[in-house]
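S.K.: Let me give you the structure first, and then I'll get to my questions.
Any read-out appearing in this document is the output of simple, stated calculations on the displayed coordinates, not a laboratory observation. Fair warning: this is a prediction, and the values are worked out from it, not measured in the lab. Cβ coordinates were reconstructed from backbone atoms using ideal geometry, including for glycine residues, and neighbour counts include every protein chain displayed.
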Amino acid sequence: MSATSTGNGKVVVNRAMSLDGFIAGPGHRMDWGGGRPLAEFVAPDDFAEVAAATGAMLIGRRTWEVGDEMEAEDPGSVDYPFSGPFFLLTHRPLEPPDPDVTILSGDIGDAVATALGGAGGKNLEILGADVAGQCLERGLVDEILVYVLPVLLGDGIPFSSPGLTRVDLKPISSTRSGDATILRFRVRR
Ligand SMILES: NC(=O)c1ccc[n+]([C@@H]2O[C@H](COP(=O)([O-])OP(=O)(O)OC[C@H]3O[C@@H](n4cnc5c(N)ncnc54)[C@H](OP(=O)(O)O)[C@@H]3O)[C@@H](O)[C@H]2O)c1
């Protein structure tokens, strides 16, 4: 059963990716060049449109920690025009607890249904390679949105986790947006 059947919003894997297919460089660093955050590569209207269509985010623990580290090193570097609700997939409590974050654990189907239910009819963004891989394996993803950025990283974290079985996609759109190219695909079921 598609996750979309539980509401109107779509389940969207949302990624920034180098032209050679890495969603982060070595050491999990998201450095796309020139010290510019993602928001400075994408045309502001397009970035705002994606954020406005988003009602909630389901985030893997490692992505959360990378975001915390980037923010600590360079305040504002993970600035994104979205303020929640956030659902964090983890086996460990947050220290200190964050009242604005709902901790989820266990079955990925249940986690997606809970987070989609919190999206108020808008889209649920899936952030994290491992978490996105689990969602794709279970057929829970409706769309993939990729910001292709103008850099070859050569090494790092690949788009797909090892072991992901084949997923066929239907192209929706391809748009030049600032210094990025936005690719959208529907997952074929
Ligand atoms: N370019 C982009 O747009 C983009 C976006 C997001 C992330 N990234 C990159 O992706 C990398 C992070 O992805 P990742 O694959 O390493 O990790 P991830 O998907 O962010 O997080 C994986 C962790 O989430 C927790 N988790 C996952 N499924 C769970 C479940 N069903 N129940 C409970 N906990 C669960 C586990 O953490 P614990 O067991 O430790 O709690 C697991 O180790 C980073 O390099 C980040 O920079 C890039």
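S.K.: What distance in nm lies between label points placed 7 Å from Cα along the C-beta direction at Asp31 and Arg176?
M.R.: The answer from the label model is 2.9 nm.
S.K.: Have a look at the DSSP beta bridges in the range 52-182 and tell me what percent are antiparallel, nearest 5.
M.R.: So the antiparallel bridges in the range 52-182 amount to around 30 percent.
S.K.: If you plug each phi of the range 64-74 into the Karplus form 6.51 cos²θ - 1.76 cosθ + 1.60 with θ = phi - 60°, what whole-Hz ³J(HN,Hα) values come out, in order, with x for Gly and Pro?
M.R.: 4, 5, 4, x, 4, 5, 4, 5, 5, 6, 9
S.K.: Cut-off 10 angstrom, C-alpha nodes, Gaussian network model of the chain. Which of Glu95, Glu137, Glu65 fluctuates the most?
M.R.: Per the Cα network of the chain with a 10 Å cutoff, Glu95 tops the list.
S.K.: Which net charge results when you count Lys and Arg as +1 and Asp and Glu as -1 among the other residues whose beta-carbon is under 14 Å from that of Ala113?
M.R.: On the way: positive: Lys10, Arg138; negative: Asp107, Asp110, Asp142.
Surrounding charge for Ala113 is -1.
S.K.: Taking the chain as a Gaussian network, Cα atoms linked when under 10 Å apart, which of Thr63, Thr54, Thr175 shows the biggest mean-square fluctuation?
M.R.: Result: Thr175 has the largest fluctuation of those listed.
S.K.: Just the number: Rg to Rh for the range 40-189, Cα atoms, Kirkwood Rh, two decimals.
M.R.: Dividing the radius of gyration by the Kirkwood radius yields 0.94.
S.K.: Now for a different question. Search the structure for amide H atoms under 5 Å from the amide H of Gly178, placed 1.01 Å from N in the peptide plane, and list their residues when 5 or more places away or on another chain.
M.R.: So Gly178 has HN proximity to Ala43.
S.K.: Additional query: Around Gly178, what is the net charge, scoring Lys/Arg as +1 and Asp/Glu as -1 over all other residues with Cβ under 12 Å from its Cβ? Working shown, then result.
M.R.: Details: positive: Arg36, Arg176; negative: Glu40, Asp45, Asp46, Asp179.
Taking every Cβ under 12 Å from that of Gly178, the sum is -2.
S.K.: Residues with amide H under 5 Å of Ala24's amide H, sequence separation 5 or more or different chain, H placed in the peptide plane at 1.01 Å from N; which?
M.R.: Counting only residues 5 or more places away or on other chains, the set is Ile157.
S.K.: Tell me what the chain gives for mean residue ellipticity at 222 nm when only DSSP H runs of n ≥ 4 count, each as -39,500 (n - 2.57), the sum divided by the residue total, rounded to 500 deg cm²/dmol.
M.R.: Details: 4 runs with 41 residues, N = 189.
-6500 deg cm²/dmol, from helical runs alone.
S.K.: May I pose another question? Classify the range 19-97 from the C-alpha gyration tensor, please: rounded if a/c falls under 1.5, else prolate or oblate depending on whether a/b exceeds b/c. Display every interim value, and only then the final one.
M.R.: Numbers: a/c = 1.73, a/b = 1.18, b/c = 1.46.
It comes out oblate by the Cα gyration axes.
S.K.: Below 8 Å, C-alpha to C-alpha, sequence gap of six or more: please give me the relative contact order for the chain in percent.
M.R.: Values: 355 pairs, mean separation 67.9, N = 189.
Relative contact order comes out at 36 percent.
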